[in-house]
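To start, the structure under review is shown below, and the notes come after it.
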């Protein structure tokens, strides 16, 4: 699948952008030219040789804070996606195989999570567990998990009705063997699409929560936090929110672009046998009738 995704132009663009964002998350704190928490006398300064992106209202270097804050933003979005994957995909696959009681219970839990008001529930849980990025992302990932539950359940139901899975059940194969051998390969493409989309959603959620000051302890820099602090001084630095907003938008766009590329590749893989048959038929027609006695 990876090779087919990279064969698409959209897939290559998405992978390159996300690779750059990942490098910023890994190397951002070391690439920062100054201490992102150090204040200075030159508040709200414009671009200069010493401050390539100016300074904020406390005289802190904006570029350093932007680079240092990339780690929290990226790790937070990945944590949302992984928590949602585990909390949603695993019960979604097992709900098809573990009987009606487990199926009814997981369906009701998924419906409840969808109905919960996201922001109010996140604030309430964080108030109980403490204000931290890990607590915030655990809550957020759990609330997003119904997406994976529905995707994995729908894909598993389609596979569970197939003849080879029914034959495996009749022959006495265990549920774990059936999932590993038959179900996982069919469920993986839609889960990969949902995972790429959820990483993008995670960026929006992390940015929204940190914009409100939830999940981080000031003065820790984040992309959402930079947006919040810059909006109060638009009269002095009207261009200040552009950089963090562009980073968030480009990252989310790349995640959606990657999800579309994976979906296109999965569709092409599903249509491959029919296309191959049509191609062979066209070749036979182009070759014309075979001479009598000749081998086909």
Restricting to the range 97-108, and then to whatever is in contact (Cβ under 8 Å) with a residue 12 or more places away in the chain and out of contact with any helix residue (DSSP H, G or I) (no Cβ under 6 Å at 6 or more places or on another chain), can you tell me which residue is surrounded by the fewest Cβ atoms within 10 Å (Cβ to Cβ)?
98
Test: residue 115 is modelled with pLDDT under 80, out of contact with any helix residue (DSSP H, G or I) (no Cβ under 6 Å at 6 or more places or on another chain) and more than 17 Å from residue 85 (Cβ to Cβ)
no
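A quick yes/no check of all residues on (1) out of contact with any strand residue (DSSP E or B) (no Cβ under 6 Å at 6 or more places or on another chain); (2) over 21 Å from residue 136 (Cβ atoms); (3) in a loop (DSSP other than H, G, I, E, B):
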residue: 209; (1), (2), (3): yes, no, no
residue: 213; (1), (2), (3): yes, no, yes
residue: 224; (1), (2), (3): yes, no, no
residue: 227; (1), (2), (3): yes, no, no
residue: 233; (1), (2), (3): yes, yes, yes
residue: 238; (1), (2), (3): yes, yes, yes
residue: 244; (1), (2), (3): yes, no, no
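Condition check: in contact with a helix residue (DSSP H, G or I) (Cβ under 9 Å, 6 or more places away or on another chain) and at pLDDT 85 or above. Does residue 154 satisfy that?
yes
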I want to confirm something. Restricting to the range 225-247 and keeping residues that are touching a helix residue (DSSP H, G or I) at 6+ places or on another chain (Cβ under 6 Å) and without any contact (Cβ under 8 Å) to a residue 60 or more places away in the chain, which single residue is farthest from residue 66 (Cα to Cα)?
228
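Return the only residue of 179, 183 being on the phi < 0 side of the Ramachandran plot, at pLDDT below 80, buried (at least 21 other Cβ atoms within 10 Å of the Cβ) and part of a helix (DSSP H, G or I). I'd like the intermediate steps shown before the answer.
Numbers: 179 fails: buried (at least 21 other Cβ atoms within 10 Å of the Cβ).
Just a single option satisfies the conditions, and that option is 183.
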Looking at residue 287, is it modelled with pLDDT of 80 or more and more than 30 Å from residue 45 (Cα to Cα)?
no
Could you check the range 111-171 for helices (runs of 4 or more DSSP H) lying wholly inside it with 3 or more residues that are within 19 Å of residue 93 (Cα to Cα) and in contact (Cβ under 8 Å) with a residue 60 or more places away in the chain?
146-160
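The values are calculated or read from the model by the stated rules, or taken from the named source; none is laboratory data. Because the structure is a prediction, the values reported are computed rather than measured. As a convention, Cβ positions derive from the backbone with ideal geometry for all residues, glycine included, and neighbour counts pool all protein chains shown.
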